[in-house]
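Below: one structure, written as structure tokens.
The values are calculated or read from the model by the stated rules, or taken from the named source; none is laboratory data. In this text the structure is predicted, and so the values were computed from the model without any measurement. Methodologically, a virtual Cβ is constructed for each residue, glycine included, from the backbone with ideal geometry; neighbour enumeration extends over all protein chains shown.
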Amino acid sequence: MDSIPERYKPLLSKLMEGQNEPAILTEDNVYQEGRGKILPYIDQILEDHLLSNSHIDGFEHLADLYSRAIQGESCLLLVEHYSNFDLPVFHYLLRRQEEPGKKMADSIVAIAGIKLSESNPMVSAFTKAYTRLVIYPSRSLEIIKKRFKEPTKLYHEIRRSMAINWAAVKKLAELKVSGRLVLVFPAGTRFRPWDPGSKKGVREIASYIKGFDNFCLVAINGNILRINPSGEMEDDLLHKDKVIFTVSKVYKSEELIQHVKAEHHFKEDKKQELVDHVMEDLEMMHIEAEKKRLSDPETGA
């Protein structure tokens, strides 16, 4: 298995043409429209590694969610996270569908952590293909607190994180009632098999659920860009695989909130309970979909 730089150096040069260092994020550029003109370069990599029977199960549920979004309701996609190609593959498979698949893909706004924008020019180049609302996650801030020993620098970075997140909250209030599907990874990070904690939902996701009218859960089975345990994100390893996205029916957020409130009224942290409930449902969807995926001869049981 090769990394993207090893396998696609000429293509990568075209993808990164005109890009030097990743842009520094401020409160003025938290919302970033996708650059559709670079999608064909990424699509080539996807087509080389996605097995032909990769698809979206439950497309009708996604269409239902999208119809509610264009009617002015706020709609959320809560998606499992295994790879930095989760969004690219989902976006690609949507565009392969007949309408409204392409319109759905165009409507997606992904909530993205600051690391994807600032960590590496290659990673930043890939993320620019897709529309994003960039935030400063609490996990990133905890890392910064350990890194910055000088109080002045730490104070500046904390102020920057607050400004970025406040700007993102304001922009999200506009986006969620403008016919967009807002995509969030509730685990906040890619799942690492050697770290079970990386599949635990982030407490802050409860605020997203409470702030939206509707949501769908999306399980992911299969992965064409796997984490390299000994490398950085740009060193992730390409792999041919069948990838299936399984979309749940549309849920009303308020109904889930009331259900969890009644079921877990004796718990202290209701926000975490809400997120844990979502992660448990995603895991059940994942397990069931994996049984079906592995029963396919092309996938290999």
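A few points about this structure:
- Some residue of segment 85-97 being within 21 Å of E204 (Cα to Cα) and of a type in the set (K, R): no
- Scope segment 187-211; condition small (G, A, S) and surrounded by fewer than 20 Cβ atoms within 10 Å (Cβ to Cβ); matching residues: G197, S198, S207, G211
- For H286, the conditions (1) in a helix (DSSP H, G or I); (2) modelled with pLDDT under 95; (3) not charged (D, E, K, R) are fulfilled apart from (2).
- Within segment 31-63, the set of residues being without any contact (Cβ under 8 Å) to a residue 60 or more places away in the chain and small (G, A, S) comprises A63 only.
- From the options I224, I220, residue that is closer than 26 Å to K176 by Cα, buried (at least 16 other Cβ atoms within 10 Å of the Cβ), modelled with pLDDT of 95 or more and of a type outside the set (D, E, K, R): I220
- A search for C-beta distances below 6 Å between a residue of segment 269-288 that is closer than 17 Å to V184 by Cα and any residue that is in a helix (DSSP H, G or I) and not basic (K, R), counting only pairs 6+ apart in sequence or on different chains, returns K271/A206; L274/A206; L274/V260; V275/I205; V275/A206; H277/V260.
- Count - residues of segment 45-79 that are modelled with pLDDT under 95 and of a type in the set (F, W, Y): 0
- Residues in segment 36-72 that are among the charged types (D, E, K, R) and touching a helix residue (DSSP H, G or I) at 6+ places or on another chain (Cβ under 9 Å): D43, E47, D48, D57.
- Taking the numbered list (1) farther than 26 Å from G36 by Cβ; (2) buried (at least 16 other Cβ atoms within 10 Å of the Cβ); (3) touching a residue at least 60 places away in the same chain (Cβ under 8 Å) in turn, S138 passes all entries but (2).
- Counting only strands (runs of 3 or more DSSP E) that sit completely within segment 149-253, zero hold 2 or more residues that are of a type in the set (D, E, K, R).
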